[in-house]
C-alpha cells in the first residue's frame, strides 16, 4: 500500500533482491540499505513495562490486501517473540480512507475489543466486500458484531482516540513509512516486503534487527 497510489510497494521497490532463505541458512545476514533502513533520527519508542526492552511496530491498513494476507504470519510470529520484546500494530493515516480505519482500530482498542474484533474487520473488508468507508458503515459493522452502539460511537469520537491517531501520525512520519505493511524496530530500523524480498522475509529481517537492537549495534 503505497501512500501515493495505494500499491504495496515503497518508493524504490521492484529491485530484485538476492537475499533469501538459502542465504540465511548459509550464515548470510540482511544488508543495511538493501534489506532494511537505519533511521538517521531515532523514532519514539513506547514500552509498556520495565521488562520490555525492544519495541517492534507493524504499520498496516485494514483496507490493504497485502496487510490482510500478511496478518496470520505476523500474528504467529508475534506470539514467538522473546519476553523482552513488545509488539504492537499501528494503523497508518495516509489519506481519508486510512484515517477512518485508524479511528475504528483505536475505538476498538479503547473498548478493549481489539483482540476480538481485529480479524473480523479484516474479514468484513476482504471476504465480505464491506469497504467500511463511512462512519455509518463502521457503526453498522460494530453493532452487527455485538458492540454497544452508544459506547462505540462515544469511543470513535473520543479525545483518547484522537490522541492515539496523532501519535500514530507522528510515529509513521518518524519512521518515514511510505507504504504498508512495514515493520519498525526499536525506533532505529525499518524493513518491509519490498526491501526484504517478500513480506514473510521481512519477519526474518525483523528478527535480525531485534538481535541487533539488543546488542545496540
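The values are calculated or read from the model by the stated rules, or taken from the named source; none is laboratory data. Owing to the predicted nature of the structure, the values given are computational and were not obtained by experimental measurement. We place every Cβ from the backbone using ideal geometry, glycine too, and count neighbours over all the protein chains shown.
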field: Hits in segment 168-192 (condition: touching a residue at least 40 places away in the same chain (Cβ under 8 Å) and surrounded by fewer than 14 Cβ atoms within 10 Å (Cβ to Cβ))
entry: 170
message: So, residue 150, is that one within 19 Å of residue 107 (Cα to Cα), touching a strand residue (DSSP E or B) at 6+ places or on another chain (Cβ under 6 Å) and assigned to a helix (DSSP H, G or I) or not?
response: no
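Residue 113 - would you say it is over 28 Å from residue 178 (Cβ atoms), out of contact with any helix residue (DSSP H, G or I) (no Cβ under 7 Å at 6 or more places or on another chain) and buried (at least 17 other Cβ atoms within 10 Å of the Cβ)? Talk me through it step by step, then tell me what you get.
Working: over 28 Å from residue 178 (Cβ atoms): yes; out of contact with any helix residue (DSSP H, G or I) (no Cβ under 7 Å at 6 or more places or on another chain): yes; buried (at least 17 other Cβ atoms within 10 Å of the Cβ): yes.
Yes: the conditions hold for residue 113.
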task: Find the residue count for segment 121-146, including only residues that are farther than 18 Å from residue 64 by Cβ, surrounded by 14 or more Cβ atoms within 10 Å (Cβ to Cβ) and under 24 Å from the mean Cα position of the chain (by Cα).
output: 4
task: Could you please give the count of residues in segment 157-186 that are more than 11 Å from the chain's Cα centre (by Cα), more than 14 Å from residue 39 (Cα to Cα) and not in a loop (DSSP other than H, G, I, E, B)?
output: 11
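Quick check on my filter: what residues within segment 187-214 are within 19 Å of residue 75 (Cα to Cα), outside any helix (DSSP H, G or I) and over 14 Å from the mean Cα position of the chain (by Cα)?
Of all residues in segment 187-214, those within 19 Å of residue 75 (Cα to Cα) come to 190-193, 196, 198-210.
Restricting the remaining residues to those that are outside any helix (DSSP H, G or I) gives 190-192, 198.
The answer is 198, and nothing else.
Restricting to segment 30-39, name every residue that is surrounded by 20 or more Cβ atoms within 10 Å (Cβ to Cβ) and assigned to a loop (DSSP other than H, G, I, E, B).
Narrowing segment 30-39 to residues surrounded by 20 or more Cβ atoms within 10 Å (Cβ to Cβ): 30, 35-36.
Those that are surrounded by 20 or more Cβ atoms within 10 Å (Cβ to Cβ) and assigned to a loop (DSSP other than H, G, I, E, B): 30, 35.
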message: Checking the condition more than 12 Å from the chain's Cα centre (by Cα) and touching a residue at least 60 places away in the same chain (Cβ under 8 Å), which residue from 61, 77 passes?
response: 77
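Within segment 24-32, does at least one residue satisfy the condition of being in contact with a helix residue (DSSP H, G or I) (Cβ under 7 Å, 6 or more places away or on another chain) and at pLDDT 95 or above? Write out each step before concluding.
The initial filter retains those residues of segment 24-32 that are in contact with a helix residue (DSSP H, G or I) (Cβ under 7 Å, 6 or more places away or on another chain), namely 24, 29-30.
Within this subset, residues satisfying the condition of being at pLDDT 95 or above are 30.
So far as segment 24-32 goes, yes, one or more of its residues are in contact with a helix residue (DSSP H, G or I) (Cβ under 7 Å, 6 or more places away or on another chain) and at pLDDT 95 or above.
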- prompt: Quick check: anything in segment 154-163 in contact with a helix residue (DSSP H, G or I) (Cβ under 6 Å, 6 or more places away or on another chain) and loosely packed, with under 14 Cβ neighbours inside 10 Å?
  reply: yes
- line: Across segment 107-140, the tally of residues that are part of a helix (DSSP H, G or I), more than 19 Å from residue 78 (Cβ to Cβ) and touching a residue at least 60 places away in the same chain (Cβ under 8 Å) stands at 2
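Please count how many residues of segment 74-106 are part of a helix (DSSP H, G or I) and in contact with a helix residue (DSSP H, G or I) (Cβ under 6 Å, 6 or more places away or on another chain).
Let us first name the residues in segment 74-106 that are part of a helix (DSSP H, G or I), namely 74-79, 96-106.
Pick out the ones that are also in contact with a helix residue (DSSP H, G or I) (Cβ under 6 Å, 6 or more places away or on another chain) and you get 77, 102-104, 106.
Number satisfying all stated conditions: 5.
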- line: Taking segment 48-58 and the residues there that are over 30 Å from residue 131 (Cβ atoms) and surrounded by 18 or more Cβ atoms within 10 Å (Cβ to Cβ), the one that is nearest to the chain's Cα centre (by Cα) would be 55
field: Enumeration of residues in segment 40-69 that are touching a strand residue (DSSP E or B) at 6+ places or on another chain (Cβ under 8 Å), closer than 18 Å to residue 181 by Cα and outside any loop (DSSP other than H, G, I, E, B)
entry: 55, 56, 57, 58, 59, 60, 67
